[in-house]
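This report concerns only the one structure given below.
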Amino acid sequence: MAARILDGTATAEKRLKRLAKRKPGGLTLGIVLATDNPATRTYVDQKQRRAEQIGYSVTIDDLGPRADRKAILAACARMNRSKRITGYIVQLPLPKGIDPLEVFAAVDPRKDADGLTPENLGRLYTNRPGILPATPKGILELLDDHRVGLTGIQATVVGKGILTGLPLATLLSHRGATVTSCDRHTKDLGRRTREADLVVVAVGKPKLITARMVRRRAVVVDVGTNRSGNRLIGDVDYAAVSKKASLITPVPGGVGPMTVVSLLENVHQLA
């Protein structure tokens, strides 16, 4: 039997409607942008469109792909000082050679819409209230909306990035899951994923996870967005794995919309 779809688009629409009812007028999302990558700019356009749909203003500081460290840190300082900006993000990727951790540390935690400052990550890891990173937050909301229980399950998270893998593994652990974190150094990745009731993949490697690597009736969350010609494909071999899993996210239409709405919820929380 084919897997049911973890429909991020539908869940995000419900959350957007709920957020719009809170009458979030007067809020402004800031975006520091330092790339000309077409896929990234398309994603920024989606964030702007969704924000404006529910009454937010959006301010984009477009520095161009040759922006240096000084220019990016100066843009953060401007966003920190601005009385108009409710919360802002520094859109990745950054130009080569610029340390994103240094940039995240320059963001005022009171305006940290992505939940990636040292203060907010510290709150996450110590299980204290704070702004959560948008993608892990969106994944948890998507699982909750589809009534996927997390207490007592075995979860395998493939990828240890600061945006998704590391914070998500911590959040799942806080929710009572037993979590295995994997990366390129993991030996026999397939054994780790076959052990899991929940598999989350966020590495940026097309079709890394095959049907042989997933146990029957597992829940599979694909965070990958990889370009194949004119299509976006994930880190999971969707056609094969969907015949074996119980629930699976599509790419696109799974995690992406949830990340956007979670970002906007974070802006409201900051306000």
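Read-outs: derived from the displayed coordinates by stated rules, not from any lab. Bear in mind that the values here come from a model prediction, so they are computed numbers and not experimental data. Cβ: placed from backbone, ideal geometry, glycine included. Neighbour counts: every protein chain shown.
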Estimate the FRET efficiency between GLN53 and ALA10 by the formula 1/(1 + (r/R0)^6), using the beta-carbon distance for r and 22 Å for R0, to the nearest 0.05.
0.90
Contact order relative to length for the chain, counting C-alpha pairs under 8 Å separated by 6 or more residues, stands in percent at 23
With each pseudo-label sitting 7 Å past Cα toward Cβ, what's the ASN80-HIS146 distance in nm, one decimal?
4.0
Where both residues lie in the chain, what percent of DSSP beta bridges are antiparallel, nearest 5?
10
Calculate the FRET efficiency for ALA240 and LEU101 from the Cβ-Cβ distance with a Förster distance of 45 Å, rounded to the nearest 0.05.
0.80
Computed over segment 134-256, the relative contact order (Cα-Cα under 8 Å, seq sep at least six) in percent reads 22
Ratio to report: Rg/Rh of segment 1-122, with Cα atoms as the point set and Rh obtained by the Kirkwood method; give two decimals.
1.02
Can you tell me the dipole magnitude for segment 23-111 around its Cα centre, using point charges on the Cβ only (Lys, Arg +1; Asp, Glu -1), in Debye to the nearest 20?
300
Reduced to Cα centres, the span from segment 206-246 to segment 99-121 in Å works out to 31
Out of residues 5 or more away from LYS244 or on other chains, whose amide H comes under 5 Å of its own, with H placed 1.01 Å from N in the peptide plane?
ALA3
Helix-only mean residue ellipticity at 222 nm for the chain, each DSSP H run of n ≥ 4 adding -39500 (n - 2.57), per residue, nearest 500:
-11500 deg cm²/dmol
Among the DSSP beta bridges whose two residues both lie in segment 23-111, what percent are antiparallel, rounded to the nearest 5?
0
With label points set 7 Å from each Cα along the Cα-to-Cβ direction at ALA71 and TYR43, the distance between them in nm comes to 2.1
HN-Hα couplings for segment 43-48 via Karplus (6.51, -1.76, 1.60; θ = phi - 60°), in whole Hz with x for Gly/Pro, come out as 5, 5, 4, 4, 4, 5
Mind checking which of ILE98, HIS146, ASN120 is farthest towards the positive end of segment 83-162's charge dipole, using Cβ charges of +1 (Lys, Arg) and -1 (Asp, Glu) about the Cα centre?
ASN120
Taking the simple approach of a point 7 Å from Cα along Cα-to-Cβ for both ALA2 and ASP188, what is their distance in nm?
3.4
Got a sec to turn the phi values of segment 115-128 into Karplus ³J(HN,Hα) couplings, 6.51 cos²θ - 1.76 cosθ + 1.60 with θ = phi - 60°, whole Hz, x for Gly and Pro?
x, 10, 6, x, 5, 6, 5, x, 5, 4, 5, 9, 6, 10
Taking segment 23-111 and dividing mean pair separation by its residue count, relative contact order in percent (alpha carbons under 8 Å, at least six apart)
40
Stokes-Einstein diffusion coefficient of segment 113-231, Kirkwood radius over Cα pairs, 25 °C, 0.890 mPa s, in µm²/s
166
Toy charge model, Lys and Arg Cβ at +1, Asp and Glu Cβ at -1: the chain dipole around Cα centroid in debye, rounded to 20, equals 460
